[in-house]
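The next block holds one structure in the form of structure tokens; read it before the comments.
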Amino acid sequence: MDRVTSPNLPELTEVVLELERYVAAAGWNQTHRLFALAHTADLLAYDPSLTEHLGEAATRSLTPIEQENLPEGPLEQVLGTIGWPEEVAGCVLVTELVVLPPSAEEEIPYEDHDIDIWATRHPERQDIRVAVAVTRSGKFTSCLRRRDDESEVVVDPDIADALFDGLFATFL
């Protein structure tokens, strides 16, 4: 059972945690996963039969809808190609990252194509999975799970500023 570190759980955080658990069930070394967030009431108005499929989630105001696989390439560039229609209230990205300690900055290779290989082989690296959510109205949250301690999921809105910026830009 996951231990969640958070003082309270607003709905957007619940959705992020649910999607992180959903992705975690398939293990590590996955591609980026992207989910649109739609207003549940709009979905049910369009197709009332979805109530059966959504179960308890039908009582939420937001429903996640998984998107097709994202194109290959650096995540920042991929996010730059995404734009959502007005019906999409928000989105959630679940991805795996390699995190290095600040002391590793002195060793970073100069060539971009060498950085990923270097980071993956670095003895002090930490593998994490982050789930980052933003809404069209400006709300955001995120959580992370470390590969070396899969039992704990930490909710922290300050873990992925660059990803927040990239996801917010998909609504411009």
request  = Report, by residue number, each residue of the stretch 77-98 that is in contact (Cβ under 8 Å) with a residue 24 or more places away in the chain and in a helix (DSSP H, G or I).
outcome  = Val78, Leu79
ask   = Taking the stretch 134-156, which residues are touching a Phe, Trp or Tyr at 6+ places or on another chain (Cβ under 6 Å) and buried (at least 17 other Cβ atoms within 10 Å of the Cβ)?
value = Val134, Phe140
ask   = Which of the residues spanning the stretch 41-57 are within 21 Å of Thr170 (Cβ to Cβ) and free of Cβ contacts under 8 Å to residues at least 24 places away in the same chain?
value = Leu43
inquiry  = Filter the stretch 34-76 down to the residues that are part of a helix (DSSP H, G or I), charged (D, E, K, R) and modelled with pLDDT under 90 and list them by number.
reply    = Glu52, Glu56, Glu76
ask   = Mind checking whether some residue in the stretch 88-95 is of a type in the set (S, T, N, Q), at pLDDT 90 or above and either surrounded by 15 or more Cβ atoms within 10 Å (Cβ to Cβ) or within 20 Å of Arg147 (Cβ to Cβ) (or both)?
value = yes
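The values are calculated or read from the model by the stated rules, or taken from the named source; none is laboratory data. This structure is a prediction, so every number in the text was calculated from the model and none was measured. Please note: Cβ atoms are built from the backbone with ideal geometry, for glycine as well, and neighbour counts cover all protein chains shown.
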